[in-house]
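The values are calculated or read from the model by the stated rules, or taken from the named source; none is laboratory data. All figures in this text were calculated on a predicted structure; none of them were measured in a lab. Because the Cβ atoms are built from the backbone with ideal geometry, glycine has one as well, and the counts that use them run over all protein chains shown. Remember, those area values only see protein heavy atoms, side chains included, never the ligands or the DNA or RNA. Shrake-Rupley method; radii C 1.70, N 1.55, O 1.52, S 1.80 Å.
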Amino acid sequence: MTDASAQTRTDGRQVAAVAAGSLQARGLSKSFPLSRGFLGRPSAHVRAVDDVDLDVTAGTTVGIVGESGSGKSTLGRLVSLLERPDSGSVVLDGQDVTRLRGKALSALRPRLQVVFQDPFGSLDPTKSVAHAVAEPLLVHGRIRRSGMLRAAEELVSRVGLDPGLARRYPEQLSGGQRQRVCIARALALEPWLLVADEPTSALDLSTRSEILNLLLGLQEDTGQSILLVSHDFATVQHLAHRVAVMYLGRIVEEGPTQEVVGNPLHPYTRALLSAVPVPDPAVQRTRRRIVLHGDVPNPANPRPAAGSAPGAVR
Amino acid sequence: MTAEMAPDRVVGRPVTPAEPGRWVRALRMLLRRPSSVVALSFILLLVVLAALAPWVAPHDPNEQDLSAAFAPYSAEHLLGGDELGRDVASRLLHAIRLALLAPLISVGVALVLGVPSGLWAGLRRGVADTVLSRIADTLLSLPGLAFALAIVAVVGPGLVNVMVALGIVFTPSLFRVVRSAAMSVAEEPYIDSSRAIGCSTNRILWVHILPNVAAPLLVQATILMGLALLSEAGLSFLGLGVQPPDSSWGSMLRTAYDNQFRAPLAVLPPGIAVVLTVLAFNTLGDTIRDVMSARWRR
Amino acid sequence: MNPEVEHAEPGDPLLAVDGLTIDLTGPGGQPGLVQDVTFAVHGGESVALIGESGCGKTMTAMAVLGLLPAGFRVTGGSIRFQGRDLLACSEREKRSVRGRSIGAIFQEPMSSLNPTMRVGDQIAEARRLHLREHRKVARRRARELLDRVGIPNAERRLDSYPHELSGGMQQRVMIASAIACDPELVLADEPTTALDVTIQAEILELLRDLRREQGIAVLLVTHDLGVVADFCDRVVAMYAGSVVERSGVERLFDRPAHPYTRALLDAIPQTERPRTVLPVIRGRVPPAGQFPPGCRFEPRCAHGGHDRCLGPQQEASLADGRYTRCARVADGDLVLAEGGAR
């Protein structure tokens, strides 16, 4: 880790080494223009992601947690090559894939797939479930158009849905069913890494557990690597082997999930964890919240010590 | 993992068979509204009459019979005769072809020019969008009919020239509709999703964006059909469109207008035909808009 | 009469909802979208109305405010506030209760605040409307309220527009306008769902202070069991338009009295057991209007299929002040597991 303020620890847990390969992100930074001047030149920037390092090893789930504006979603988009970083690199199995374009990028896409937060918006309403699920295979020439329905039925049953749903349209499905369809679409190409951006936050509690079970089962069956981006600590804690806590575009703490949760070192992690209410009144009533003092710095104009949280007081 | 992977049990609702696609459903909704049924049947009737004109028309449309000049409505000449004694009913029936073909040409030209550029500008934004939008704004700021007249003045009169000119005039409005719809569709997560699976830009444009902007596009195209018919009638009325001896509703209006003191009722048949047809297209456009905003946009 | 009044808490309740039934009327109408909902809120207490999307919790809250959307009508039961039947009131009388005696906070502060109106004016509006206060007096009071809800630089913020504030600050402004007329009850519909957890904790802290210092009762509509555990005294759990269980918050988490609540608690990931398969509720919520005639949860229930599940379910009182709509639990025929999770 080059980020001095981040706390790194070694992984104490054994990981079943089913699959091989690794992904390393080094020094990723990304700014977005806040406003533009007269000729359309950006006149102010917000640093969404600021010099972030991240490693994902085969068969593990890495969780990225943070609040809105922490840059966690942008980091997910950078790693899945949906967004190009201003600086830094994404290295997949030793190959720098950051600046691939055109055909080379298309050829790499199957290895990095994404499940988006909003299962209502991430399926094309004009396409049937079969089309949504089998389209990746069609685009990469792995099946013919005539084989779509059959391929789709197989994929759809892999995520625990009735194959009969393949002929339906997204608007005829429930939220949980749609999210399963999105997962099936992302898995069609058998990616090395699945980036799941808030996969459960639009879902009800009982549906959430179904999707968590599905992701867990997939990983245990196939050694799928997962990058789980979420604001929901419970979800990350349940699935992730390692967790990285983001604050204002930087990773402030990273380590094995149990250790980060059990003994948070960074003041921001402590404050964040203490703010998550425990669904057990007897426990919750004995907890004390750690409050951060000082205003939240504006990411557009970070102070010199950007990335380090304001001081914590118990 | 097996128990949890079991397919959802659908509760309180029979497992429905595959449902029809959205177009079929939209058509069904359209057929449930009296106004669109009337408009659609009228247009369908016109299409049938246009195809069967040679057989259903009582006379040859160009056959002159001076004894029937300015003939009143009668059993022989249902809608009377014109100044050369040609049968108005037959001319009206034969002119349906032009009344439908002319708008198809201009709307077709507008679609070919406006849809790809609109989709491209909506998805890509940036410089391409700025340039195309400025061109569209410039065209929109010119008075449409005058601009069409200018084109005709350069390439010469004639129906096809006029309709292509009109198509160019219609392009900016179609471009704007497609561009703004494509722009909002491009923001949808499913476009990101199709990029993530590796779809090419072309595939995203035509397979994912176009069907999702089809609704406003269809509405605009339908309304432009009516407008094109009206413009064609106007230009033919001015003698710039269809050339004699062919007739369109516009040129028929012209001759009726020239002879309005000898046969005042002669303006009615072509006039009413134009009004009803334009009304039918506009009504259809409006109801499509209603149906789609009610059903398609969640 | 609301049985909860007699057993659970002495004294007249502030809000008593009794047998509330809401239908969707008109063509394609659906009866019983909300069916036989009974609960009470006493002065100063905090009651949670929980359930998953589509269970009718927001509909119930809207009925209490008299703000049901067009087409929805209360067709049975009563809503009494301070002894007055709100359903029998004229629209004018309802308005005098809404905003004055019952304040409301909604999920999306940005869309609940008028974007073209200054923050101070929005807060002062309620006081000018209900208490006929002079503009200047109301403005001074608005400044105090902004102070009260913890907005720094209150004087300056009075003249801000909502978009100039962060989400947490907007929600504080909403709370300020909800408590502007010193209401007895604040109805909060998912007040923290759109906010980050640290902001959520602050907003809940603020609501807690208001309860303690001003004795304001809170009816909190939420799907977040963590928030319920943190903030509420009693819980009303809804499923598919009907109340399945009413209970004190500790008892609900410790000894749920309905298979649905039990299943919800089981679905919570446990800190001590990461990466284990979570129990799920099979099937999904039936679409509105297609509820089964007997127990509405029966088709998905792990203990369903019993004769007792098929008839109409009545709410039954258990010992220690719990109410369940499960006939088998009421009979003592079914004993649900205890504890936060299995």
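Checked against the criterion of being open to solvent by less than 30 Å² (accessible area, probe 1.4 Å), more than 11 Å from chain C (Cβ to nearest Cβ) and part of a helix (DSSP H, G or I), region A:280-287 has no qualifying residue. Where the second residue is surrounded by fewer than 19 Cβ atoms within 10 Å (Cβ to Cβ) and the first is among the charged types (D, E, K, R) and lies in region B:97-118, which pairs have Cβ atoms under 9 Å and are six or more apart or on separate chains? From residues that are among the charged types (D, E, K, R), the pairs are B:Arg97/B:Ala50; B:Arg97/B:Ala51; B:Arg97/B:Ala53. With the structure loaded, tell me whether B:Ala221 is at pLDDT 80 or above, open to solvent by less than 20 Å² (accessible area, probe 1.4 Å) and within 21 Å of B:Gln64 (Cβ to Cβ) or whether it fails that test. No, not satisfied. Taking (1) within 25 Å of A:Gly21 (Cβ to Cβ); (2) more than 11 Å from chain B (Cβ to nearest Cβ); (3) surrounded by 21 or more Cβ atoms within 10 Å (Cβ to Cβ) in turn, A:Gln179 satisfies each apart from (1). Is it the case that some residue within region C:34-50 is more than 14 Å from chain A (Cβ to nearest Cβ), under 30 Å from C:Ala154 (Cα atoms) and open to solvent by 40 Å² or more (accessible area, probe 1.4 Å)? Yes - at least one qualifying residue is present in region C:34-50. Filtered by the rule that a residue be farther than 18 Å from C:Val218 by Cβ, open to solvent by 30 Å² or more (accessible area, probe 1.4 Å) and not in a helix (DSSP H, G or I), region C:139-193 gives C:Pro152, C:Asn153, C:Asp159, C:Tyr161, C:Ser166.
Within region A:80-108, the set of residues being more than 10 Å from chain B (Cβ to nearest Cβ), in contact (Cβ under 8 Å) with a residue 24 or more places away in the chain and either assigned to a strand (DSSP E or B) or polar (S, T, N, Q) (or both) comprises A:Ser87, A:Gly88, A:Ser89, A:Val90, A:Val91, A:Leu92. Looking only at region A:125-143, residues that are within 7 Å of chain B (Cβ to nearest Cβ), open to solvent by 30 Å² or more (accessible area, probe 1.4 Å), out of contact with any Pro (no Cβ under 7 Å at 6 or more places or on another chain) and not β-branched (Val, Ile, Thr) come to 0 in all. Checked against the criterion of being farther than 26 Å from A:Leu165 by Cβ, open to solvent by less than 50 Å² (accessible area, probe 1.4 Å) and touching a residue at least 12 places away in the same chain (Cβ under 8 Å), region A:109-124 contains one or more residues that satisfy it.
Against the definition (under 25 Å from B:Leu230 (Cα atoms), surrounded by fewer than 22 Cβ atoms within 10 Å (Cβ to Cβ) and among the hydroxyl-bearing types (Ser, Thr, Tyr)), how does B:Ser173 come out, yes or no? Taking the combined requirement at face value, the residue satisfies it. Scanning region C:119-138 for residues that are touching an Asp or Glu at 6+ places or on another chain (Cβ under 7 Å) and surrounded by fewer than 18 Cβ atoms within 10 Å (Cβ to Cβ) yields nothing.
Out of all the residues in region B:246-265, which are polar (S, T, N, Q) and without any contact (Cβ under 8 Å) to a residue 60 or more places away in the chain? Those that are polar (S, T, N, Q) and without any contact (Cβ under 8 Å) to a residue 60 or more places away in the chain: B:Ser251, B:Gln260.
Filtered by the rule that a residue be free of Cβ contacts under 8 Å to residues at least 12 places away in the same chain and more than 12 Å from chain A (Cβ to nearest Cβ), region B:155-191 gives B:Val155, B:Gly156, B:Asn161. Is it the case that B:Ala221 is within 25 Å of B:Ser106 (Cα to Cα), of a type outside the set (D, E, K, R) and in contact (Cβ under 8 Å) with a residue 12 or more places away in the chain? So B:Ala221 fits the description; yes.
For region B:224-241, residues that are surrounded by fewer than 24 Cβ atoms within 10 Å (Cβ to Cβ) and part of a loop (DSSP other than H, G, I, E, B) total 3. Counted as qualifying within region A:187-271 are the helices (runs of 4 or more DSSP H) with 3 or more residues that are closer than 19 Å to A:Ser73 by Cα and within 12 Å of another protein chain (Cβ to nearest Cβ), namely A:233-239. Looking across region B:192-211, the residues that are within 11 Å of chain A (Cβ to nearest Cβ), assigned to a helix (DSSP H, G or I) and surrounded by fewer than 22 Cβ atoms within 10 Å (Cβ to Cβ) come down to B:Asp192, B:Arg195, B:Thr201, B:Arg203, B:Ile204, B:Val207, B:Leu210, B:Pro211. Counting the residues of region B:50-84 that are crowded, with 17+ Cβ neighbours inside 10 Å and part of a helix (DSSP H, G or I) gives 3. Checked against (1) assigned to a helix (DSSP H, G or I); (2) open to solvent by less than 20 Å² (accessible area, probe 1.4 Å); (3) farther than 29 Å from C:Gly167 by Cβ, C:Leu87 meets all criteria but (2).
Against the list (1) away from chain B (no Cβ under 11 Å); (2) in contact with a Lys or Arg (Cβ under 9 Å, 6 or more places away or on another chain), the condition A:Ser174 fails is (1). Within region C:246-273, residues that are at the interface with chain A (Cβ under 9 Å from one of its Cβ atoms) and part of a loop (DSSP other than H, G, I, E, B) have Cβ atoms under 8 Å from residues that are of a type in the set (Val, Ile, Thr) and open to solvent by 10 Å² or more (accessible area, probe 1.4 Å) in these pairs: C:Ala267/C:Val280; C:Gln270/C:Thr276; C:Thr271/A:Val261, counting only partners at least 6 apart in sequence or on another chain.
The set of residues in region B:104-130 that are modelled with pLDDT of 90 or more and over 16 Å from B:Val178 (Cα atoms) comprises B:Leu104, B:Ile105, B:Ser106. If only residues of region C:313-327 that are in contact (Cβ under 8 Å) with a residue 60 or more places away in the chain and in a helix (DSSP H, G or I) are counted, the one that is surrounded by the fewest Cβ atoms within 10 Å (Cβ to Cβ) is C:Asp320. Just checking, how many residues over region A:213-247 are in contact with a Phe, Trp or Tyr (Cβ under 8 Å, 6 or more places away or on another chain) and either more than 14 Å from A:Leu187 (Cβ to Cβ) or free of Cβ contacts under 8 Å to residues at least 12 places away in the same chain (or both)? The total comes to 2.
Filtered by the rule that a residue be buried (at least 20 other Cβ atoms within 10 Å of the Cβ) and within 9 Å of chain B (Cβ to nearest Cβ), region C:283-298 gives C:Arg284, C:Val285, C:Pro286, C:Phe291. Of the residues making up region A:144-171, those that are open to solvent by less than 30 Å² (accessible area, probe 1.4 Å) and within 7 Å of another protein chain (Cβ to nearest Cβ) are A:Gly160, A:Leu161, A:Arg168.
Among the residues making up region B:243-298, those that are crowded, with 21+ Cβ neighbours inside 10 Å, over 30 Å from A:Gln172 (Cα atoms) and modelled with pLDDT under 80 are B:Ser247, B:Ala266.
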